[in-house]
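The values are calculated or read from the model by the stated rules, or taken from the named source; none is laboratory data. Nothing here was measured: the structure is a model prediction, and the numbers come from that model. Cβ atoms come from the backbone with ideal geometry, glycine included; neighbour counts cover every protein chain shown.
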Amino acid sequence: MNILNKEQLRATDQHTIQVQGIRSWDLMERAARELLKAITREFPHGEFSILCGPGNNGGDGLALGRMLKEKGINTQVFLLESPKYSEDNLENQKLLEEFEVFNLEKLPELWPDSIIIDALYGFGLRTGLGIEWKALFEKIEGRTCLAIDLPSGLLADELTTSPYVKADIVYTFHCPKKAFFAPEHGIESFEIIDIGLEKVGDGNYQYLADVHLLLNQPSRFAHKGTLGQALLVGGSKGMTGAIDLATKAALRGGCGIVKVYGPGCTPDLPSEALVQRDINLEYIKQTPTIDAKTTAIGIGMGMSHNGQEALLEFLSVLPPIPLVLDADALNILAKHPEKIPTGAILTPHPKELDRIVGTSKSSFERWEKAEKLAKKKGIYLIVKGANTHIFFPDGKILVNSSGNYGMAKGGSGDILTGLLTAILAQGYPIEKALPLGVYLHGLAGDIAAETLGHDAMNAGDILTFLPDAWKLLRRRACTTSKYPRRSTEQRELL
Ligand SMILES: NC(=O)C1=CN([C@@H]2O[C@H](COP(=O)(O)OP(=O)(O)OC[C@H]3O[C@@H](n4cnc5c(N)ncnc54)[C@H](OP(=O)(O)O)[C@@H]3O)[C@@H](O)[C@H]2O)[C@H](O)CC1
Ligand SMILES: [K+]
């Protein structure tokens, strides 16, 4: 799903109007109908106070107000006094029998228990709102508030430090807006409302959807030799848990063989993994041998800085196979950025990224720097967090749509590294392997949160639910495939 900026949204709007032979008013009507469905589904017993602005966002609010009233739902509608209203806004004013006009000196008299619907401004704001808006926004703060398209005052594509509405849910049209992914803005929940806009090509900036379409279907005749060999390198004295988690994740990642290279103190790992230990007890000192069958390598989980020389030596002799670099490998490379191999996949969290590119004042600045680094070095960057971002060397950016805050626990990242390495080892092209691995990891976390709760779940639970995540994705692929390849036995099990 393309993530569009406001200019692209306007263009999509116009294109849809032209191609579908409709008026912009029809689109607004469609938007309001879909909002009505979503809001009454979520709040079947609510009464509503709608605040409408002068543009089309306000027009959406007016149309929604009319539809709520037609359904017999208690609704009050307030319209901001303005010298200029948009055409569709005016048309909707005429269709609504009753509404009150307000201004920032004479604030609306809201019912005490109603749900606020914020339809003041959408993506049409030119600049942030002034402090004169604070009194109104404070008046609705603490009440249940639903924003239409964007919380009013929030700029769609940039950092907003001026006042904006704090909404509980944002019902956003067509696609999420860039501003929703910046932790600074605190957008806790958004729902995408499909209003049937026409797609205008594939953009460079996308929200992950339909990930099951990326799945390969291994042959019925596959064997461990054809499913790929992953090699994981990491661990040091006192930090052996990370390689353990990465190994277990790789073993649930679908590849034929998982090999591990660690220091002498590497603990016992699951017996399915082939473990090789360095002659040095505490950290990796030697360069692991890579046999020709190795198809992807993951490095860094729990490595200590003592392993610096071995890492740099290792990187200089690596064959051209997919390489995932995480954790300490990233910290070591932050001091030697010239040694970052072209084509490598780096999986930093924001702090690790900052060590490579310098600190940033905002998420927007950090995203820009990540984009530049990926292009300049010809590498792939997976910047972990809520809505993990994947930056490609050609400028493409993918934003993950799965995952939750329950996953924000130590060890989560090690699992991602193991999983990605295993997926890459199977021969998935990097362009598919990265979104697939990142999405599956988040999906397993979502199932863990659903089953165990966000608070109690830990990183190991992501592993526990990885099989369910794979099955869910395979099932989605089966239902969309014309000829699902399943035996009678498999079909019975589904
Ligand atoms: N394609 C879609 O997704 C659809 C979206 N719809 C809805 O339309 C809005 C966008 O509508 P638009 O009219 O373009 O913009 P807004 O309603 O957000 O705001 C426009 C008004 O705001 C005034 N404005 C601009 N900047 C400021 C400011 N800094 N302070 C105060 N007022 C400001 C602006 O005035 P101008 O002088 O610039 O004209 C307008 O009065 C979108 O978000 C959706 O909700 C459609 O309904 C369906 C299709
Ligand atoms: K709004």
Pull up region 155-195, narrow it to residues that are touching a residue at least 40 places away in the same chain (Cβ under 8 Å), more than 10 Å from ligand 1 (Cβ to nearest atom) and assigned to a loop (DSSP other than H, G, I, E, B), then point me to the one that is farthest from THR388 (Cα to Cα).
VAL165
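I'd like the full set of residues that are crowded, with 16+ Cβ neighbours inside 10 Å and in a loop (DSSP other than H, G, I, E, B), limited to region 263-281. Give the steps one after another, and end with the answer.
Residues of region 263-281 crowded, with 16+ Cβ neighbours inside 10 Å: 263, 265-266, 269, 273, 275, 278, 280.
Result: PRO263, CYS265, THR266, LEU269, ALA273, ASP278, ASN280.
Here are some residues: LEU215, LEU227, LEU231. Which one is of a type outside the set (Asp, Glu), touching a residue at least 24 places away in the same chain (Cβ under 8 Å), touching a Cys at 6+ places or on another chain (Cβ under 8 Å) and not assigned by TED's automatic domain parsing to the domain that holds GLY21? Talk me through it step by step, then tell me what you get.
Working: LEU215 fails: touching a Cys at 6+ places or on another chain (Cβ under 8 Å); LEU231 fails: touching a Cys at 6+ places or on another chain (Cβ under 8 Å).
Of the residues listed, the single one that is of a type outside the set (Asp, Glu), touching a residue at least 24 places away in the same chain (Cβ under 8 Å), touching a Cys at 6+ places or on another chain (Cβ under 8 Å) and not assigned by TED's automatic domain parsing to the domain that holds GLY21 is LEU227.
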I'd like to know if region 107-123 contains one or more residues that are more than 24 Å from PHE190 (Cα to Cα), among the hydroxyl-bearing types (Ser, Thr, Tyr), at pLDDT 95 or above and within 8 Å of ligand 1 (Cβ to nearest atom).
no
Could you tell me whether region 126-145 includes any residue that is part of a strand (DSSP E or B) and modelled with pLDDT of 95 or more?
yes
Can you run down the residue pairs with Cβ atoms below 6 Å, 6 or more apart or on separate chains, where the first is in region 127-154 and outside the structural domain of MET28 (by TED's automatic domain parsing) and the partner is at pLDDT below 95 and more than 15 Å from ligand 2 (Cβ to nearest atom)?
none
Does region 169-182 include one or more residues that are away from ligand 2 (no atom under 14 Å from the Cβ), out of contact with any strand residue (DSSP E or B) (no Cβ under 8 Å at 6 or more places or on another chain) and not aliphatic (A, V, I, L, M)?
no
Of those in region 210-250 that are of a type in the set (A, V, I, L, M) and under 18 Å from GLY445 (Cβ atoms), the residue surrounded by the fewest Cβ atoms within 10 Å (Cβ to Cβ) is VAL211
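Could you please let me know if LEU80 is crowded, with 19+ Cβ neighbours inside 10 Å, within 15 Å of ligand 1 (Cβ to nearest atom), assigned by TED's automatic domain parsing to the domain that holds CYS175 and touching a residue at least 24 places away in the same chain (Cβ under 8 Å)? Before the answer, list the steps.
Values: crowded, with 19+ Cβ neighbours inside 10 Å: yes; within 15 Å of ligand 1 (Cβ to nearest atom): yes; assigned by TED's automatic domain parsing to the domain that holds CYS175: yes; touching a residue at least 24 places away in the same chain (Cβ under 8 Å): yes.
Here the answer is yes, as LEU80 does meet what is asked.
Would you say HIS185 is under 15 Å from ASP118 (Cβ atoms), out of contact with any Cys (no Cβ under 7 Å at 6 or more places or on another chain) and modelled with pLDDT of 95 or more? Steps first, answer last, please.
Numbers: under 15 Å from ASP118 (Cβ atoms): yes; out of contact with any Cys (no Cβ under 7 Å at 6 or more places or on another chain): yes; modelled with pLDDT of 95 or more: yes.
When the stated conditions are applied, HIS185 passes them.
Look at region 91-125 and say how many of its residues are crowded, with 22+ Cβ neighbours inside 10 Å and free of Cβ contacts under 8 Å to residues at least 60 places away in the same chain. Please lay out each step first, then the result.
Applying the first criterion (crowded, with 22+ Cβ neighbours inside 10 Å) to region 91-125 yields 92, 116-123, 125.
Now narrow it down to the ones that are free of Cβ contacts under 8 Å to residues at least 60 places away in the same chain: 125.
Residues in region 91-125 being crowded, with 22+ Cβ neighbours inside 10 Å and free of Cβ contacts under 8 Å to residues at least 60 places away in the same chain: 1 in total.
Can you give me the ranges of the helices (runs of 4 or more DSSP H) entirely in region 325-431 with at least 3 residues that are closer than 24 Å to ALA310 by Cβ? So that I can check it myself, show each step before the final result.
Numbers: elements: 327-335, 350-357, 363-377, 412-425.
Because the criterion is at least 3 residues that are closer than 24 Å to ALA310 by Cβ, the helices (runs of 4 or more DSSP H) in region 325-431 that meet it are 327-335, 350-357, 412-425.
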Those residues of region 450-470 that are closer than 24 Å to ASP244 by Cβ and assigned to a helix (DSSP H, G or I) come to a total of 14
Are there any pairs, at least 6 apart or on different chains, whose C-beta atoms fall under 8 Å, with the first in region 1-30 and touching a residue at least 12 places away in the same chain (Cβ under 8 Å) and the second of a type in the set (Phe, Trp, Tyr) and in a loop (DSSP other than H, G, I, E, B), and if so, which?
LYS6/PHE123; LEU9/PHE123
